[in-house]
Amino acid sequence: MLQTSDERTDLRFWVKTVSSMQVTTGPSRRRTSRIPIAQDLWVYWESPPYRDISRVRDLSPSGLFLETRARKHEGDLVQLHFLVQEGQIRAEAVVRHAEPGRGLGMKISSISWQDAPQLNRLLSRLRENPRPAQIPSQNMP
C-alpha cells in the first residue's frame with residue numbers, strides 16, 4: 001500500500017512521539033521480583049571514591065536498591081558485603097539507575113559460589129517476613 005506524503009509525515013510524528021514517551025507502568029523487565037525489606041538489612045559497599053554502609057530497600061537474586069546520598073553513575077561497579085546473620089555474602093554489582101538523594105538501583109553481576117548459598121538463605125528468610133503494608137494514619141478522636 002502506498003502512502004501519501006501527508007500520511008508519512010503523520011506516521012513519523014506518531015512514531016517519534018511514542019518512542020520519546022516514558023513508560024511508567026506495565027510489566028517489569030526483572031526476571032525475579034524484588035523483596036521489600038521489612039527489617040533492617042545493611043550492606044557495606046565500596047566504589048571509588050566511596051566506602052559506606054547503607055540500608056537495603058529491596059533485594060532479589062539479581063539486584064537490589066540501596067539508600068544512599070552518594071552520587072554514582074549508571075555502569076559504575078560496586079563491591080558489596082552484606083552484614084547479615086546468614087554469614088558472609090560478597091558480590092559485585094553494576095549501578096543501573098541512580099535516584100539523587102534516595103539511592104542506587106543495582107544489578108548483581110557476580111557472586112562467589114561460596115557465598116551463593118548464604119544469599120539464598122537470606123532471600124528465603126526475607127520472603128518469610130515480608131514488609132507489612134503501610135496503613136495510612138487516621139486521626140482518632
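Once both labels are modelled 7 Å past Cα along the beta-carbon direction, what's the Gln114-His73 spacing in nm?
Going from the Gln114 label point to the His73 one covers 3.4 nm.
Would you mind getting me the FRET efficiency between Glu86 and Arg51? Use the beta-carbon distance for r and R0 = 22 Å, nearest 0.05.
After rounding to 0.05, the efficiency reads 0.45.
Highest mean first, how do 67-78, 96-107 rank when packing is the count of other Cβ atoms within 10 Å averaged over residues?
Per-residue mean Cβ counts within 10 Å order the peptides as 96-107, 67-78.
Non-local amide H neighbours of Ile35 (under 5 Å, H modeled in plane, Pro and chain starts lacking H): which ones?
When sequence neighbours closer than 5 places are left aside, the close amide H contacts are Leu59, Ser60.
Taking loop as defined by DSSP and a crowding limit of 15 other beta carbons within 10 Å, which chymotrypsin sites (Phe, Trp or Tyr not before Pro) in the range 50-128 fit?
Those that pass, being in a loop and sparsely packed, are Trp113.
Each reported figure results from applying straightforward, stated rules to the coordinates on display, with no laboratory input. Remember, predicted model here, so these are calculated numbers, not experimental data. Cβ: placed from backbone, ideal geometry, glycine included. Neighbour counts: every protein chain shown.
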